[in-house]
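The values are calculated or read from the model by the stated rules, or taken from the named source; none is laboratory data. Remember, it's a predicted structure, so these values are computed and weren't measured experimentally. Backbone-built Cβ (ideal geometry, glycine too); neighbour counts: all protein chains shown. Just so you know, the surface numbers come from the protein's heavy atoms only, side chains and all, with ligands and any DNA or RNA stripped out. Shrake-Rupley method; radii C 1.70, N 1.55, O 1.52, S 1.80 Å.
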Amino acid sequence: MAVLVALLAVQARAQVTGSATFVSDYRFRGTSLSDDRPAAQLAFDADWPSTGWYAGGMMSNVRLDSSHAAQLLGYAGYVRRLNADLSWEGGVRYTRFTGGESYAYAEAYTGLTFRQLVGRIYYAPNYFNAGYATWYAELNDSIALSGKWYAFAHAGYLRRAGDVAEYHVSRFRSDVRAGIGLTLQPWDIQLSWTTAHGAPDVALGYPSAAGTSRNAWVFSVAYAW
């Protein structure tokens, strides 16, 4: 009984938020997981400010190997503030997909946040269950503009382990995303341009549908609560 009371007390102190998002193209690290088509997503986050712990999850429809499926993602982590502008975090994520092949994989991450600038490094020992490890580094930033407008940018760099001789390509991939957003609480609207360069999807284990573009305009509308 004491354990149950303690768990309920911790849950009561949690700050829980959620969002529903429509995107014209679901892009993950420069790769379309929706076959250059729209996707609907549902996400939630739970934060325990007094402890530094947080957790959450996301669901999205995807199109892998030319078949419809759903992505299920969960994560948990810990964040610690170092000073007024700088904080450190670390955590784990687990992703799987519905259908005959789950492409399930886990990855750990660590990062630093300085004001609006967020940098993270991810390590996955078996990326998309393809049999090899990957490292992924990213930087994300946002800047307030006039009124409710803001600008944002992302840069990422992925390196896979193992032999890529059978593909006769590089083992590296870079991706960039930049755009503008408009906040109309509880709505958030974004338009961005995304591009990727380097190793093809097949060499990185991505189960994306054949023929997806590396460059795309992405429009999104999110409702938060």
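The gain in end-to-end length when the F172 to R80 segment is fully stretched comes to 30.0 nm, 0.36 nm per residue minus the alpha carbon separation. For the chain, the relative contact order is 17 percent, taking Cα pairs closer than 8 Å that sit 6 or more residues apart in sequence and dividing their mean separation by the residue count. The slack between A20 and F44, meaning 0.36 nm per residue of separation minus the straight C-alpha distance, is 7.7 nm. Taking every alpha carbon pair in the range 20-133, what does the distance histogram look like in 10 angstrom bins from 0, in percent? For the range 20-133, the binned pair fractions read 13, 37, 35, 14, 2 percent.
Note on the chain: helix-only mean residue ellipticity at 222 nm, from DSSP H runs of 4+ residues weighted -39500 (n - 2.57) and normalised by residue number, equals -2000 deg cm²/dmol.
R27 exposes around 40 Å² of accessible area when a 1.4 Å probe is run over every protein chain in place.
Expressed as a whole percent, the accessible surface of the chain that belongs to carbon and sulfur atoms is 65, based on a 1.4 Å probe. Using the Cβ of L117 as centre and a radius below 14 Å, the other residues enclosed give a net charge of -2, where K and R count +1 and D and E count -1. Between the residues A46, L139, G91, the greatest Cα displacement towards the positive end of the dipole of the range 31-149, with unit charges on the Cβ of Lys, Arg, Asp and Glu, is found for A46.
Tell me the GluC sites (Glu not before Pro) within the range 26-135 that lie in a loop according to DSSP and have at most 15 other beta-carbon atoms within 10 Å.
On the way: sites: E89, E101, E107; in loops: E101.
Taking the range 26-135 and a limit of 15 other Cβ atoms within 10 Å, the loop GluC sites (Glu not before Pro) found are E101.
The solvent-accessible area of L82, taken with every protein chain present and a 1.4 Å probe, is close to 100 Å².
Accessible area per residue for the chain in Å², computed with a 1.4 Å probe and the full protein assembly in place, what is it?
On the way: 12130 Å² over 225 residues.
Dividing the accessible area of the chain by its residue count gives 54 Å².
Inter-label distance, V202 to L72: 3.1 nm, where each label sits 7 Å from its Cα along the C-beta direction.
Helix 2-13 axis versus longest C-alpha principal axis of the chain: approximately 80°, rounded to the nearest ten.
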